[in-house]
Amino acid sequence: MNEDHLKIGINGFGRIGKLSLWHHVGRRYFSEIVVNIGRQAGTSLADIAHYVERDSTYGPLHAFLHGHQAEPVVKDLDESSGTMIVDGIPVRFLRNARAPHLIDWKENGVRLVIDTTGQFLDPSLPPEHPKGSIRGHLEAGAKKVIASAPFKIKEEGVPMPDDAITTVMGINANDYDPRRHRIISNASCTTTCLAHMMKPLINAFGAKRILSASMATVHSATGSQQVLDRLPKSGKTDLRKNRSILNNIILTSTGAAKALRLVIPEMEHIGFIAESVRVPISSGSLIILVLSIQESPSEDLIRREVINNVYEQAAQLDPNKYLKFSKKQNVSGDILGTPRAATVIEGDETHTRTADLSLDLSGIPGFPKKVLANLKDTVVRAPVTQAVIYGWYDNEMGSYVNMLGDRTITIAENL
């Protein structure tokens, strides 16, 4: 389809929704952007424009697009039509319907929608489900819909629909079939970073040699957390989410391990644990990845130089430059806005340690007794290297929204 006449729809106008607007205004692929807020905001369209052109993390929109000497780029507000011009791109705001199947996508000529609400993540629900459904966007006129979060099928045992798929750019983007898939999850910011940390290692050493892996993401605050302590709502069991993110390091959970298996099938055979810790900064996050890798008798021992070389070569060969390797001493603020970097490997902090793993074969359930009887010693020793790798990612604009933008355009090209 000719992009001169192609519009993009954005449902939801929180962090990912707003920054997706910024991204596509700057990228200028779509001729018009239609944003569904689904409710009145402030006292007028001018209040929405105020929100569009300012950001506490990334600064003013005009400076983000054109540098600090630029003039404001939000103009020509029309309250009656809900429209404004943002850096030359017409943007229309819809403020009535919240349920996806009731949004005026068809009336506004929108065929491709990004759902950034985080509320409609079950692709198995029917379009007119009482609590809303991501499939409702298709009922409302869209041909394709992209979720900016991992799918969550609520009813146990219900399979993933045939027309739904999870992809991460640079990992399994080509698994998307435009003839078959109508609902696409772009996974999460953490899964995206983690996938680009794991894939080079699997390619270099093979999945069978990676005995186990675990990760912890030191993650910036999100909109689901509280500025000040609050009483939890009825039925809520995680009391930490109601504590002040301004004053605390807060333990939470992440679905990155589950989603990772959807985009890297080899992970099914690797024992993996994923944890998350929220810290009081606005954006910029870090994955600490720990792996146990079996040494090969025909190769040199795995040292930090070997690990770093894997990443450095992978970064050089990455045609999209999603993976970056750094020898600098970074802090989280250095990562903000890094263009299309799924992961920035902090090479100076890679660590390895090799030791013998002792395994008593007699303690393995089902191990053949005849084999044990012929062994002088049932204890097997194998050299195993533990590696610790650090990967930065801008969980908002730099990493996730930029890659979501790439996913959006590759789907638009096949509409």
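Only the coordinates and a few stated rules stand behind these numbers; no lab work does. Remember, predicted model here, so these are calculated numbers, not experimental data. Because the Cβ atoms are built from the backbone with ideal geometry, glycine has one as well, and the counts that use them run over all protein chains shown.
With the biggest extent put first, the Cα atoms of region 190-398 measure 66, 46, 27 Å across the principal axes. Summing Lys and Arg as +1 and Asp and Glu as -1 over all other residues whose Cβ lies under 14 Å from the Cβ of residue 142 gives a net charge of +2. In sequence order, region 304-309 has phi-based couplings of 4, 5, 5, 4, 4, 5 Hz under the Karplus curve 6.51 cos²θ - 1.76 cosθ + 1.60, θ = phi - 60°, and Gly or Pro positions carry x.
Only Cα pairs under 8 Å and 6+ residues apart enter the sum, and on that basis the relative contact order of the chain stands at 14 percent. Take each peptide in 134-140, 26-32, count the other Cβ atoms within 10 Å of every residue, and average; sorted highest first, the result is 134-140, 26-32.
Gyration tensor over the Cα atoms of region 341-415: the corresponding equivalent ellipsoid has semi-axes (square roots of 5 times the eigenvalues, largest first) of 48, 21, 8 Å. Of all aspartates and glutamates in the structure, those lying under 14 Å Cα to Cα from residue 199, and not within fewer than 8 positions of it along the same chain, are 266, 268, 312, 318.
The Cα atoms of region 3-161 cover 56, 33, 31 Å along the three principal axes, with the biggest extent listed first. Just want the answer: with Cβ charges of +1 for Lys and Arg and -1 for Asp and Glu, which residue in 96, 271, 323 is farthest toward the dipole's positive end in the chain? Farthest along the dipole direction, towards plus: 271.
Nearest 10 degrees is fine. How inclined is helix 15-27 to the longest principal axis of the chain, computing both from alpha carbons? Around 70 degrees separate the two axes. Here the contact order of region 190-398, divided by its residue count and restricted to Cα pairs under 8 Å and six or more residues apart, works out to 26 percent. As a ratio to 2.2 N^0.38 Å, the alpha-carbon radius of gyration for region 138-212 is 1.31. Listed values for region 364-380 are Karplus-derived 3J(HN,Hα) couplings in whole Hz (6.51 cos²θ - 1.76 cosθ + 1.60, θ = phi - 60°), namely 8, x, x, 5, x, 5, 5, 5, 4, 5, 8, 9, 6, 9, 7, 8, 9, and x replaces Gly and Pro. Ignoring lysines fewer than eight residues from residue 144 along the same chain, the ones with Cα atoms less than 27 angstrom from its Cα are 7, 18, 106, 131, 152, 154, 258, 321.
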